[in-house]
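So the structure is just underneath, and the comments pick up after that.
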Amino acid sequence: MENTLAYWKERCNLLLAENSQLKSEIESLKQQLHKSTVKNEDANRRIKELSEEISMSPIQDWGFEDDSYFESLAQSVCSSRYSIRQVQSPQNTSKKSYFDFQPMIQSQVDLRISMNLQSIEKPRLVEYFFVVGVSAEDLSQRNRKAAILMSVPDNIEWAGLSVLADFCFPAGISASELVLSKSGSALNQLIFGHNYISRAENSYVFTIKANEPRLLGDNNWSDVLYCCCVTINDVGVGYGTGEWAVPKCYCLVSYYPHFTLFFDIISKVLVLKRVRRMQELINIEPIDAPNILRRSEELGESETKLIAKCIGINSQQPNSTIRIEEEMIEPISITWPEEVWLYDIPWLLSPLFSTLRFQDTFWVLIALLLEKSVVVVSSNLSLLTSSVLAFAELLKPLIWPHVVIPIVPDSLREILEAPVPVLLGLPAPAPPLRKSYSNLIWLMLDEPSPQRRLQASTKILRDVKEPYFDNFKTVLNKLYAEFTQERTVYIPSHPQQNACKDIANLLRGCWGRLLEKFPRRTSGRINPNDFSPVIESSHLADKKFLESFTKTQLLVSHLENC
């Protein structure tokens, strides 16, 4: 049967059909491959164009007459462990300039502190208070710039003044002209809407370097000024240009990180301003309100008086009480606990813990101990800045010796290319070529899925070795379980507050016990070769971590300052 002609003819036809089908499939695959190749070529070409555009782009001209502004801006946020200057690029490169980071030797750091030993008084509770917005002259301008509208006290001498407004409004400032209705509803909302009831996205903190280090406690020197900000929409009255809706930033500056107290003070200032405006505009028609506001101060007598009382306080002793009274507002009262540093821990940690999963938070913390660079990205400035400051706090008693900036203004985004470890808060959006910064760990806090908020290269994931430390990770995880990642928590419950304090205490104790194993400086600089006995005597599960940790400036700086 198989030898018949009909059989072989049928077999031949089947093979021809299969061959035809295979040819068709091959042709289809070729077409798909061609489309994919073209698509990849387009993508690669676009990536190359963007890369060239970024590499060739000079520092952006933000309209400042003096080019040294950028240097002032960078110097205001750089760690005391580095000196920074703006350097002109060689003629054969496309960039006009770049920031040059130079590590300071320990003797230079010691000199900066010793120069201030004559003035060992503790800083005041509040150093300065500012209102930042758009000046009347700039309201009608196309390119508006944020400016300091008022300050308490007057005539402040501080290098940070030149860059303060840039940090208050990191993405620039905008204004929209108001169209007044007969009822004046839009105007009334702006004039009397100065309510800051609870913490939200419009409250945030950034840091600027002080003119000089100050002594906060026993051997606790700091050259960091914390700038606590609340931004609200207000009415701006130009010179003959009508009325405008503009944002204004109320900024309190202090050496101390007493965020809960400071935002309460700002809240009371806004209440007093609201009451004053109601008194000024009583029985005034909405259409006439702008004429009254033209003659009205940004901060009236009652607001200035309250701020002056806060500036006059310089006592934050454990178990002591601060009470500030002013007419028409509830008294501001706070009793410091035995460990003052714990008071604001829940305020600082709750937003981070409720946004980032425990494993991600723990891993990033270990990465920072190994001096990996971390960039936090969010459009929510409150979440952004508290997260950056929270990571810095969780490292203590270690002090991050490198660049830390809770808010990176648009004019300073070039800091992403810094050749030193950084801890940065970057207002969204992130750079388009994020993956090209392969040395950076990205925390994309606005990602809908908690699983996608931590993004790092495979190399960094391999490099970061977690320590065992008597299984402290398990204990931390149980405490962290008070938080879910369903929503950002600004006002934590009592169990969540206790969890934050317990986690901070546990980590501080763990790092403290680790540091006790290392030799202190007796003379000269620390020699990392002296760390070998610590590594050799450690638990097997801790050796990989310690081998990397002992090479960090973070550890050396701490031991040199002990």
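The values are calculated or read from the model by the stated rules, or taken from the named source; none is laboratory data. Predicted, not measured: the structure shown is a model, and the values here were computed from it. Positions of Cβ are generated from backbone atoms using ideal geometry, with glycine treated the same way; all protein chains shown enter the neighbour counts.
Points worth noting:
- Residue check for LEU506: surrounded by 18 or more Cβ atoms within 10 Å (Cβ to Cβ) and outside any loop (DSSP other than H, G, I, E, B): no
- Of the set (1) among the small types (Gly, Ala, Ser); (2) part of a loop (DSSP other than H, G, I, E, B); (3) modelled with pLDDT of 95 or more, all apply to SER538 but (3).
- Given (1) without any contact (Cβ under 8 Å) to a residue 24 or more places away in the chain; (2) touching a strand residue (DSSP E or B) at 6+ places or on another chain (Cβ under 9 Å); (3) not basic (Lys, Arg), number of the condition ASP446 does not satisfy: (1)
- In segment 244-258, residue farthest from SER135 (Cα to Cα) [restricted to those that are among the hydrophobic types (A, V, I, L, M, F, W, C) and under 18 Å from the mean Cα position of the chain (by Cα)]: VAL253
- Residues in segment 540-553 include at least one that is in the same structural domain as SER373 (by TED's automatic domain parsing) and farther than 20 Å from LEU365 by Cα.
- Selection over segment 377-388 of residues that are crowded, with 24+ Cβ neighbours inside 10 Å and either among the acidic types (Asp, Glu) or closer than 24 Å to ASN505 by Cβ (or both) gives a count of 4.
- Elements of type strands (runs of 3 or more DSSP E) contained in segment 402-478, each with 2 or more residues being under 22 Å from THR355 (Cα atoms) and not β-branched (Val, Ile, Thr): 422-427, 440-444
- All of TRP347, TRP363, TRP336 fail the test of being closer than 30 Å to ASN220 by Cα and out of contact with any strand residue (DSSP E or B) (no Cβ under 9 Å at 6 or more places or on another chain), apart from TRP347.
- Scoring CYS249 on the criteria (1) modelled with pLDDT of 80 or more; (2) touching a Leu at 6+ places or on another chain (Cβ under 9 Å) leaves a single failure, condition (2).
- Hey, THR355 closer than 27 Å to LYS478 by Cα, of a type outside the set (Asp, Glu) and either without any contact (Cβ under 8 Å) to a residue 12 or more places away in the chain or in contact with a strand residue (DSSP E or B) (Cβ under 6 Å, 6 or more places away or on another chain) (or both) or not: no
- Selection of segment 461-475 for residues being in contact with a Leu (Cβ under 9 Å, 6 or more places away or on another chain) and surrounded by fewer than 18 Cβ atoms within 10 Å (Cβ to Cβ) yields ASP463, LYS465, TYR468, PHE469, PHE472, VAL475.
- Some residue of segment 283-290 being surrounded by 14 or more Cβ atoms within 10 Å (Cβ to Cβ) and at pLDDT 80 or above: no
- Within segment 345-369, the set of residues being crowded, with 19+ Cβ neighbours inside 10 Å, outside any helix (DSSP H, G or I) and not polar (S, T, N, Q) comprises LEU356 only.
- Some residue of segment 381-392 being assigned to a helix (DSSP H, G or I), more than 19 Å from TYR204 (Cβ to Cβ), under 16 Å from the mean Cα position of the chain (by Cα) and not assigned by TED's automatic domain parsing to the domain that holds SER162: no
- If you go through segment 318-371 and keep only what is of a type in the set (Ser, Thr, Tyr) and under 20 Å from the mean Cα position of the chain (by Cα), you end up with SER350, SER354, THR355, THR361.
- Applying the set (1) buried (at least 18 other Cβ atoms within 10 Å of the Cβ); (2) within 29 Å of LYS543 (Cα to Cα) to LEU515 leaves exactly one unmet item: (1).
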